[in-house]
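The structure appears below as structure tokens.
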Amino acid sequence: MRSLLTLFLTGLCAATALAQQAPPTSRTSGSLTTPFLASRGLVRCGTPEMVSGGWNFNPPSDCSYNSTNPTAAYEPDEIWEITVVFHILRDSNGSGNVTDARCHSQIDILNEDFQAMAGTLGAPGYDTMVQFKLATLDPSGNATTGINRHLNSTWHNDGGGYYNSLAWDPHNYLNIYCNEASGALGYVPYLPQNGSPGSNSDRVVAYWAAVGRNAPIGPPYNQGRTVTHEVGHYLGLHHTFNGGCGSGNCYTSGDRICDTNPEANPNFSCGNSSSCGNSDPISNYMDYTDDVCMNRYTLEQTRRIRCTLQHYRPNLAEPIGGGGLGTSYCQSNLNSRGLMATLTVAGSATVSDNDLTFTVDDAALNQFGYLLMSVNQGNVNNFGGSMGVLCLGSPMIRFSSNVLNTGSAGTVDFSPNLNNLPQGTVFAPGDTWNFQLWYRDVVLNPTSNTTDGISISFQ
């Protein structure tokens, strides 16, 4: 039986949702738009901005409205799949159509971006291991394409409480409504942490002309990143410029994330810019840059997304396996690119298979480095004058005969021969070893940096 506190919170959330179900208004203020958007009466995003110290009506967690605790417990270890239904709300004259092909391409874009798929615009990001698919069964168990169409001018203009008539159970489906979006490219009515997740009003709304690849709105907002951005809100992320430069602890100010540099204002172009004493995170999906310039969620955003699904949307995503090897630990520091380099591993933990491939992402460009390993873990910041964090304890072993290079993309793939490890090391079933990449970095003067650490238990 639910406690009185739970019932109180549920009622409070419902009351809050009622106050928020109407589309946000006053979206055409200057700082939220560009000449391109203003000429069309649009702004970039209509999701309500965070109120300082504001609502946190739902139970606290490691990813509450006002704070983030991005522990390794939320590191992706298997794919979680979200089922999507599109509701195309056309005007009574037929305008506002989104073709099936564009809906399918939007699902592809979400997967490219949330899974950082190689060879796509989203490749530089961190793999959230969140996957999207169109619904094949409706809530009654009937076969469906996952794409519904309605002719209604009021609904097309984002009015009339259409979601109360059309929503498929928001506990189990991501409902995406395509209409005029009340003058924005897209919005969600609230983050799940401070709204009413699972109610009919729980949704993503996208301007119909900005949905899918090569959408008819045209550049620079025609590559489907509006939906990627709004789904980020739907999964608990704030704008990177939330609160401007912020103050104090970055987990309780700004966007409540520390591996996204704070920025004073949103960015609307692909040009590099700096504010708050750092380079702005213009490539982040939660900024306002052009679609072709957005290419990443970060490690900590990933962990907040996974935490949000666990605590606020527990029935939305279905685990389908497909996790990588190892357990990440010991977060790295920002490098000269303003990014945290990461180390992941694929293959087999069975020693006799001799099948391990380490992958480094987001390292400094065109720099050399070495893979390190140890049976012991550590956590030493700025060791020996380095910019990085040493995640290994003594004794450490270096793959000194394998000099790696991060190349023009800041990435490395390395497959060691487990039958010929340095210093005669032998991995035995039952052993646990820890790994990290050390690499050269340059900020004013030559220095070094590191990835995070990853631990592998061999079989």
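Values in this text are rule-based calculations from the coordinates and carry no lab data. This structure is a prediction, so every number in the text was calculated from the model and none was measured. When we count neighbours, we look across all protein chains shown, and the Cβ atoms used for this are built from the backbone with ideal geometry, even at glycine.
Some points to look at:
- Arranged from fewest to most other beta-carbon atoms within 10 Å of their beta carbon, R90, R40 become R40, R90.
- Global form of segment 334-408, assessed from the alpha-carbon gyration tensor, a/c cut-off 1.5: oblate
- Calculated from backbone phi, Karplus (6.51, -1.76, 1.60) coupling profile of segment 238-244 in Hz, x at Gly/Pro: 8, 4, 5, 8, 4, x, x
- For segment 99-200, the convex hull spanned by the alpha carbon atoms encloses 140 Å³ per residue.
- Cut-off under 5 Å, modelled amide H: who pairs with S269 long-range: D290
- In terms of the mean number of neighbouring beta-carbon atoms within 10 Å, the peptides 373-379, 66-72 order highest first as 66-72, 373-379.
- Positive-end extreme of charge dipole, the chain - chosen from I176, P189, N379 (charges on Cβ): P189
- Protection proxy ranking of 75-86, 293-304, by the mean of other Cβ atoms within 10 Å over each peptide's residues and highest first, is 293-304, 75-86.
- Bridge type composition, segment 4-311 - antiparallel percent by DSSP, nearest 5: 20
- Between the C-alpha center of segment 95-134 and that of segment 153-197 there is a gap of 20 Å.
- Phi angles across segment 263-270 convert, under the Karplus curve 6.51 cos²θ - 1.76 cosθ + 1.60 with θ = phi - 60°, into 3J(HN,Hα) values of 9, 5, 8, x, 9, 10, 9, 8 Hz, Gly and Pro given as x.
- Value in Å of the Kirkwood radius, where the chain supplies the Cα pairs that are averaged: 23.2
- 5 angstrom amide H check on L356, placed H, neighbours 5+ away: S348
- Gyration tensor verdict on segment 327-457 (Cα atoms; rounded if a/c is under 1.5, prolate if a/b is larger than b/c, oblate otherwise): prolate
- Placing unit charges on the Cβ atoms only, positive for Lys and Arg and negative for Asp and Glu, gives segment 4-311 a dipole magnitude near 540 debye about its Cα centre.
- Note on segment 327-457: with charges restricted to the Cβ of Lys and Arg (+1) and Asp and Glu (-1), its dipole about the Cα centre is near 340 debye.
- For segment 92-144, size of Cβ-based charge dipole, Lys and Arg +1, Asp and Glu -1, in debye: 100
- Whole-Hz ³J(HN,Hα) from phi, Karplus 6.51 cos²θ - 1.76 cosθ + 1.60, for segment 340-356, glycine and proline x: 9, 5, 10, 10, 10, 9, 10, x, 10, 7, 7, 4, 5, 6, 6, 9, 10
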